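The values are calculated or read from the model by the stated rules, or taken from the named source; none is laboratory data. What you see is a predicted model; the values in this text were computed from it and never measured. Ideal geometry is used to build each Cβ from the backbone, glycine not excepted, and the neighbour counts take in all protein chains shown. Note: areas computed on protein heavy atoms with side chains; ligands, DNA, RNA excluded. Shrake-Rupley method; radii C 1.70, N 1.55, O 1.52, S 1.80 Å.
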Amino acid sequence: EEQDRLLQNQPDQPQNPKVLRIAIIGAPNAGKSTLSNRLLGRKVFPVSKKVHTTRCKARGVVTDEDTQLIILDTPGLTNQFKAKRHKLDEAMLTDPWDSVKNADLVLVLVDVSDHWTRNSLSREVLKCLSQFPQIPSVLVLNKVDLLKKKLILLELVTELTEGIVNGKKPEVRSAFKDNSSSSEKSPLQITQASPPENRDPKSHCLQETDGAQKGSSKDNSSNMRASESSLVTEEAQGPELCEPRDQKNRKGWPCFREIFMLSALHGEEVDTLKRYLLMQAKPGPWEFHSGVLTSQSPQEICNNIIREKILEYLPLEVPYGVIQVTEMWEEGPSGELLIAQNLLVPRKSHMLMLIGRGGKVISRIAQEAGQDLMNVFLCDVRLKLMVKVKS
């Protein structure tokens, strides 16, 4: 009831409100929902190792003093063939595009731990960026904690940006030694040359750090975290780079305004990205009351969290065929939330897998989902799950 009231009420506008609508796009399982949850400070969006955990666009709201960030967590950009394979709704194909169209800023998330996909942006992502070149975009390299050799990040930056960042050509003169042990001990920190609040408004993440700036680099040593790379930027040459052209031969996007490297799972450098996003907000009315954390209803949050656990514990394509039907949603005598949900599966073999030997699988799903729901709703939750074969 409180959530419904806050969503229906007019926002409590400050005197000089600022707002920024952010669309987070990327390939499935790049970590979009994990990053969204980190920015929000609480787990609101479902997270799983399996692709297509997020089934529809959902909005998260970060309110910081007079500034409101509206985070559009979107399904992973996919194509018709994959949508059919995973039994996905048509909305899974259109929602990311709708989110980008209505965004003030686009975050493109890339999983740098996936050596099969990290060297180029997916065709769907490039198509989306080319469709809306007027919307500022930022490249976010996620899961950098999983890389043993940080020098790989230099190669990825060059490939994913086509060597151009914010209209300039970055040149990197690395002081790394070629052996792997030194690269492990000296993490590469391109993006944190200086904290966002100290940056020149016209500068960008790949800042000049040698020569005249040697003195300032000492002051910012804590932000660079043992970075040993020197970065120089030169004006990019050539025609307008963001004009739509043949995407078949394109691997990167030369129009990114900034580059950030972080670990959304562990929260490393997420605060740096958050400060940058708050700085990009423009004057404009808030869309939500300051007490709102997400546009989702409590029932939607519940369904998403239960589905997250089903995806985690069922093999292959099985969980994508599960239908959730809520039978009970009410407040108990002591103020606890009582939830009963039926999980409908297409065949008996799926039911046996979901229940598990001695009911261990379904019990574990109910226990973990119930704990997550308590953390979200900040009250006691009693969750009962029943598995049935669809008639």
Select from the stretch 128-145 the residues that are in a helix (DSSP H, G or I) and closer than 19 Å to D271 by Cα and write down the one among them that is farthest from the chain's Cα centre (by Cα). D145
Condition first: out of contact with any Lys or Arg (no Cβ under 7 Å at 6 or more places or on another chain) and within 11 Å of K388 (Cα to Cα). Now tell me which residues in the stretch 325-342 satisfy that. V325, Q341
Per the list (1) within 25 Å of D4 (Cα to Cα); (2) modelled with pLDDT under 90, residue check on I306 breaks on (2)
Please specify each residue of the stretch 255-275 satisfying the condition of being within 22 Å of L151 (Cβ to Cβ) and touching a Pro at 6+ places or on another chain (Cβ under 8 Å). T272
Checked Q341, Q324 against criteria (over 25 Å from L39 (Cα atoms) and at pLDDT 95 or above); the one match is Q341
Between a first residue in the stretch 101-129 that is in contact (Cβ under 8 Å) with a residue 12 or more places away in the chain and closer than 24 Å to G284 by Cα and a second residue that is in a helix (DSSP H, G or I) and open to solvent by 50 Å² or more (accessible area, probe 1.4 Å), which pairs have beta carbons less than 7 Å apart while being 6 or more apart in sequence or on different chains? L105/Q280
Of the residues in the stretch 1-48, those that are of a type in the set (S, T, N, Q) and under 13 Å from the mean Cα position of the chain (by Cα) number 6
In the stretch 116-167, anything of a type in the set (K, R) and crowded, with 21+ Cβ neighbours inside 10 Å is listed as R118, K143, K150
Quickly run through the stretch 263-282 and pick out the residues that are in contact with an Asp or Glu (Cβ under 7 Å, 6 or more places away or on another chain) and of a type in the set (D, E). E268
So L20, is it under 12 Å from V61 (Cα atoms), surrounded by fewer than 21 Cβ atoms within 10 Å (Cβ to Cβ) and in the same structural domain as G60 (by the TED database): yes
With the condition kept exactly as written, say whether any residue in the stretch 80-101 is over 27 Å from Q131 (Cβ atoms) and either open to solvent by less than 60 Å² (accessible area, probe 1.4 Å) or modelled with pLDDT of 85 or more (or both). no
Every residue in the stretch 251-271 that is open to solvent by 10 Å² or more (accessible area, probe 1.4 Å) and either within 14 Å of N37 (Cβ to Cβ) or assigned to a helix (DSSP H, G or I) (or both), please. L265, H266, G267, D271
Restricting attention to the stretch 335-382, report how many residues are touching a strand residue (DSSP E or B) at 6+ places or on another chain (Cβ under 8 Å), closer than 19 Å to V47 by Cβ and open to solvent by less than 30 Å² (accessible area, probe 1.4 Å). 6
Long-range neighbours under 7 Å by Cβ, at least six apart or interchain, first residue within 15 Å of H350 (Cβ to Cβ) within the stretch 309-334, second modelled with pLDDT of 85 or more and charged (D, E, K, R): Y313/R364; I323/K390; Q324/R307
